[in-house]
1. For the subset of segment A:248-279 comprising residues that are assigned to a helix (DSSP H, G or I), more than 8 Å from chain B (Cβ to nearest Cβ) and surrounded by fewer than 24 Cβ atoms within 10 Å (Cβ to Cβ), which member is nearest to the chain's Cα centre (by Cα)?
2. Has segment B:305-320 got at least one residue that is polar (S, T, N, Q) and surrounded by 24 or more Cβ atoms within 10 Å (Cβ to Cβ)?
3. Have a look at B:L254, B:L296, B:L303, B:L249 and point out the one that is at pLDDT 90 or above and more than 11 Å from every other protein chain (Cβ to nearest Cβ).
4. When you go through B:Y137, B:Y160 one by one, which is the residue that is within 12 Å of chain A (Cβ to nearest Cβ) and of a type in the set (F, W, Y)?
5. Considering segment B:174-196 alone, what residues qualify as being in contact (Cβ under 8 Å) with a residue 40 or more places away in the chain and buried (at least 17 other Cβ atoms within 10 Å of the Cβ)?
6. Cβ-Cβ below 6 Å, separation at least six or inter-chain, first residue in segment B:148-162 and under 11 Å from B:R203 (Cα atoms), second in a helix (DSSP H, G or I): which pairs?
7. Could you run through segment A:280-312 and say how many residues are outside any helix (DSSP H, G or I) and either crowded, with 21+ Cβ neighbours inside 10 Å or among the acidic types (D, E) (or both)?
8. Could we say that A:A239 is assigned to a helix (DSSP H, G or I) and either among the β-branched types (V, I, T) or closer than 18 Å to A:F116 by Cβ (or both) here?
Amino acid sequence: MTTFIIRRVVWTIPVVLLVILMTFVMMKQIGGNPFRHTERNVPPAIQANLERKFNLDKPWYVQYVYYVKDVFTFDLGPSMSQRTRTVNDIIKDGFPKSLKLGILAFLWAAVLGIPFGVLAALKPNSIFDYFAMFFSSIGFALPSFFVATLLIYYVALKAGVVPTNGWPLSFWSLDDRVILPSFALGLFPMAYFARLVRGSMLETMQMDYVRTAKAKGLPYKRVVGLHVLRNSLIPVVTATAPLLGVIITGTFIIEFIFSIPGIGRYFINSVSNRDFSVVMGITVLTSVIVIIANLFVDIMYGILDPRTREAR
Amino acid sequence: MAVDRREASIPVAAPPTATEPAAGAAVRQSSLWQDAWARYIRNKGAVVSAIIFLIIVLYCLVIPGFWKIPGAWTSIKDYDPNHVDFSQSYAGFSLDHPFSTDKFGRDLFARTAVGGQISIAIGFAATFMILIIGVVYGSVAGFIGGKLDNGMMRFLDALYGLPYLPFAIITTQILSPSGSVSFWSMVVALTIASWFTAARVVRGQIITLKENDYVRAAKAVGARWYRILARHLLPNTLGVLVIAIFLDLPGVVLGEAFLSFIGLGINPPTASWGSIAQDGREAYRLHPEVLFIPSLAIATLVLCANFIADGLRDALDPRTRETG
């Protein structure tokens, strides 16, 4: 087990380097001069000095090494359009808000999605099952901006139950403003979890060890709770990492609609402002989060299901 | 779809339970598609979804041409999707404007159709690019195998699960330096962001097929590698690919809508479902229909594509049929 974990952790390093390289190479391809804030051209001498200051006069692979060094020392450089702030400042400002949004969305998904899937699997082809699967199909198909606007329109504007936008600024504070954004973001993972848990429960119930448990005369609750449920939740753990990418993408949209000052909003603004260091910093940050989540999920999977350790 | 319409010859009452893939190639092949068609037809949800899907596609293709026919509708000029008429701003639902109008008085019935053309075209173009890349990458990895396969799959693992939106946005920015995002840069961006799954699926399929006896037999009689690949392996991945079209399409259509909605995709005044939704966003408190109509169109299309994919999977690959 230890060698499995060590091998898996070491493998993460080239993956991170590769993703940074990809982001770096892609950003190099975008045209535009970051030092040009007005219509006037920057005088060549100043341009040259600025380039020297930011090491832009070096070959690209040297720049890449500098950037990797900076990333590993948690320094993502200065923002190019907001002179007084660094990318770190912007991430420190926006990331906790996005993180809270993401965690709450996952909570919705886990608290509603998993029970729905379990109940649907316990009574397959019942009315409840059809109902749950119908809603999960719809949750799959609705674009998140549509869900968000529907919620704002009917829950916030028509019913007036919660405010239409805004976000509690401190990480630990929660109020009624978080309900709609997190639910809108959580709908897709909720539908996904419900479907996944249902499928994997039905599959587990066909297993020999479940039949044995039933044949032994164990009470129904014990069979379901101990033998079926525990094993059918393994796919949920595995699905968390790829879902994280979906959630991060979703936060971009949800933050845009609900005017939440998270990193997604900063990202969109920075693309329009050609603020490349922020775009790059946020891309690298979100990618590294997904890579680390993948790492944890793989290790968890290795613990939960010993058969997978050797295969990887 | 390459489905033969010889379903009449198939007794529906006696469903074929399992198909054995390894048998005389030509005869069994057509029968596989026949079986699949028969199974698909019996899946009511999938058939209804396919019909609705076709209706949406037809609506998008036919309606924009419709207003050009003189006398085809009462007030012809209002059906020009880009015809601005401020007196008709947010005109509401009427016979003249079945889907109401937007801020500029542009008819949404025509605009949703034109936008649908763009969205669906981006969807299919990107899906086909995904499949082409997937087939090439997957069959190279799966067919050659060994270290190359290992390296190529490790590369895919590394990219797997990365949030696609930032990379798609960066790609559109690279391809459109002037700031206005073109059709093809959207296609490329969405392809780059989501080709991994197709490559993985094709590779898995090729690896399984490679071990079949008929491939060994072909090798034994001296068939060259390209013949084995083109004649024995790739045709058998066709089923997976047909399913993959409808599995990948929803993601791409949604991706286009997301990008356009946040203002980094198809630019107004060009209509796409995402950019109409973006138009609708500024006034959704008073006129939610401008946002709801394209969103409903996207949702319906995506829902249908998901059901079609499910139906195709059950039809083409009965072994993986889900219980219940």
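The values are calculated or read from the model by the stated rules, or taken from the named source; none is laboratory data. Because the structure is a prediction, the values reported are computed rather than measured. Cβ placement follows ideal geometry from the backbone for every residue including glycine, while neighbour counts extend to all protein chains displayed.
1. Step by step, filter segment A:248-279, then rank; the result is A:R265.
2. Scanning segment B:305-320, I find no residue that is polar (S, T, N, Q) and surrounded by 24 or more Cβ atoms within 10 Å (Cβ to Cβ), so the answer is no.
3. On the way: B:L254 fails: more than 11 Å from every other protein chain (Cβ to nearest Cβ); B:L296 fails: more than 11 Å from every other protein chain (Cβ to nearest Cβ); B:L303 fails: more than 11 Å from every other protein chain (Cβ to nearest Cβ).
Result: B:L249 is the single residue among B:L254, B:L296, B:L303, B:L249 that is at pLDDT 90 or above and more than 11 Å from every other protein chain (Cβ to nearest Cβ).
4. Values: B:Y137 fails: within 12 Å of chain A (Cβ to nearest Cβ).
Every option except B:Y160 fails the conditions.
5. Once the filter is applied, which keeps residues that are in contact (Cβ under 8 Å) with a residue 40 or more places away in the chain and buried (at least 17 other Cβ atoms within 10 Å of the Cβ), segment B:174-196 yields B:V181, B:M186, B:V187, B:V188, B:A189, B:L190, B:T191, B:A193, B:S194, B:W195, B:F196.
6. Qualifying pairs under 6 Å: B:D149/B:A141; B:M152/B:A141.
7. Count: 1.
8. So A:A239 fits the description; yes.
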